[in-house]
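Here's the structure, in structure tokens; my notes come after.
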Amino acid sequence: MKIIKVGTRQSPLALWQTNYVIEALKQKYSDYQFELVPMCTKGDKFLHVSLDKVGGKGLFTKELETGLLAGSIDFAVHSLKDLPTQLPPGLLIGAVTERHDPREVLISKKGKGFNELPRGARIGTSSLRRKAQLLYHRPDLIMVDLRGNLQTRLKKMESQNLDAIVLAAAGVERLGWQDKITEKLDCSLCLPAAGQGALAIEVREDDDFILSLIQGVHDEATARCVTAERTLLDALEGGCHVPVGALAEEQDEKLYLEAIVGSLDGKVVLREKMYGSCKEPQTLGLQVAEHLKKQGAAELLEKAGVCNE
């Protein structure tokens, strides 16, 4: 029986996501054996430093990509929002799963919604994108850096005396913690990260067998949407952690893309939305990025410390 080695991070959520992909593939390919290969990434090691200070995107993917290129794993499963827009030579995204709810959720200690939180409430999040958007609507809030897996973040809400934390709905719900959610934040309040809610399967570009195999879990509609989002992200900032949010959806046979670029202090949030062709998601991504640049996005990103790793 052919053994297919699947790379993943070691967190409970990453393991859940990878097993989800494996189980879906097992339903289609019962003749193959899938072996889980957990790896520890740089992003998992430096949990006491905010993401923007550790480095650019790739913190949660580099070790998996090294394993792919070395041939020690056959494919890797990622949260697509963690995957840099520029991949190492020889690798590509071979499949994208159907997207889960891309929104953010608020989990508050006393069950209060976002607008009900008291003045000066302490909010835990590791994301500059979330901080910028939430401060734009509530400049009175105090943002506290919060790293670690979902279980760790929930514990820190108590140990660090936080009033609430903000997390991706997909991760919370995949682990079965729907009952902990106080409020799902509307996208007019907080746009998600590009690719949020979708899983990406990264493969070697010359591995035709694996590329064919993983089409069994590929969702083309999701792929079009995240292509528009990631094209925009690449056109704006190339890979570092900066306040950029994007969400594309198919509406009436057209592709709709909304995006924001914010200042680190939340005082400025630039927003743009456009319709385009479902057949040309990259074109739409580039157009929205260009409109944001005309509004002043380039200056905001430069202040935020953009790099092109």
Per-pair calculated FRET efficiency, R0 = 30 Å: Trp177 and Glu205 via Cβ, rounded to 0.05: 0.25
Using θ = phi - 60° and Karplus 6.51 cos²θ - 1.76 cosθ + 1.60, couplings along the range 170-179 (whole Hz; Gly, Pro as x): 4, x, 4, 6, 5, 8, x, 9, 4, 5
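Looking at the chain, identify the longest residue range that excludes and avoids all chymotrypsin sites (Phe, Trp or Tyr not before Pro) in DSSP loops having at most 15 other Cβ atoms within 10 Å.
Counting at most 15 other Cβ atoms within 10 Å as exposed, the longest clean stretch of the chain is 47-309.
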Two-site FRET efficiency, Lys294 against Lys2, from Cβ-Cβ distance with R₀ of 45 Å, rounded to 0.05: 0.30
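Viscosity 1.306 mPa s, temperature 10 °C: what is the translational diffusion coefficient of the range 104-185 from Stokes-Einstein with a Kirkwood Rh over Cα pairs, rounded to a whole number of µm²/s? Don't skip to the answer; put the middle values down first.
Working: Rh = 12.5 Å.
Approximately 127 µm²/s, per Stokes-Einstein.
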The range 143-152 - phi-based ³J(HN,Hα) in whole Hz, Karplus 6.51/-1.76/1.60, Gly and Pro as x: 8, 10, 4, 9, 10, x, 6, 4, 4, 4
Among Glu65, Glu35, Glu116, residue whose mean-square fluctuation peaks in a GNM of the chain (springs only between Cα atoms under 10 Å): Glu116
Trypsin sites (Lys or Arg not before Pro) lying in DSSP loop within the range 207-296, provided at most 11 other Cβ fall within 10 Å: Lys267, Lys279
Extension reserve of the Glu35-Asn115 stretch, reckoned as 0.36 nm per residue once the Cα distance is removed: 24.2 nm
Length-normalised contact order of the range 61-162 in % [C-alpha pairs under 8 Å, at least 6 apart]: 20
When each of Lys109/Lys155; Lys62/Lys294; Lys62/Lys184; Lys131/Lys156; Lys62/Lys156; Lys267/Lys293 is checked by Cα-Cα distance, pairs over 23 Å: Lys62/Lys294; Lys62/Lys184; Lys62/Lys156
The range 199-278: GluC sites (Glu not before Pro) in DSSP coil with no more than 15 other Cβ atoms inside 10 Å: Glu205, Glu253
Loop-located trypsin sites (Lys or Arg not before Pro) in the range 93-173 whose Cβ has at most 12 other Cβ within 10 Å (DSSP): Lys110, Arg119
Mean separation of Cα contacts under 8 Å (6+ apart) over length of the chain, as relative contact order %: 21
MRE, 222 nm, helices only [DSSP H, n ≥ 4, -39500 (n - 2.57), over the chain, to nearest 500]: -10000 deg cm²/dmol
Proximal charge balance of Gln178 [Cβ under 14 Å; K/R count +1, D/E count -1]: 0
For the chain, radius of gyration divided by Kirkwood radius, i.e. Rg to Rh on alpha-carbons: 0.96
Magnitude of the charge dipole, the chain, Cβ model with Lys/Arg +1 and Asp/Glu -1, debye to 20: 1260
Inter-probe distance in nm under a simple model that places probes 7 Å from Cα toward Cβ, at Ile142 and Glu249: 3.6
DSSP-defined antiparallel bridges as percent of all bridges, the chain, nearest 5: 70
Mean Cα-pair separation over length for the range 194-272, i.e. relative contact order, pairs under 8 Å, 6 or more apart, %: 23
Percent antiparallel among DSSP beta bridges (both partners in the range 104-185, rounded to 5): 60
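Taking R0 as 41 Å, what's the FRET efficiency between Ala221 and Lys267 from their Cβ-Cβ distance, rounded to 0.05? Kindly include the intermediate steps, with their values, before the conclusion.
Numbers: r = 36 Å, r/R0 = 0.89.
After rounding, the FRET efficiency stands at 0.65.
Every number in this text was worked out from the coordinates using simple rules, so none of it is lab data. All figures in this text were calculated on a predicted structure; none of them were measured in a lab. Because the Cβ atoms are built from the backbone with ideal geometry, glycine has one as well, and the counts that use them run over all protein chains shown.
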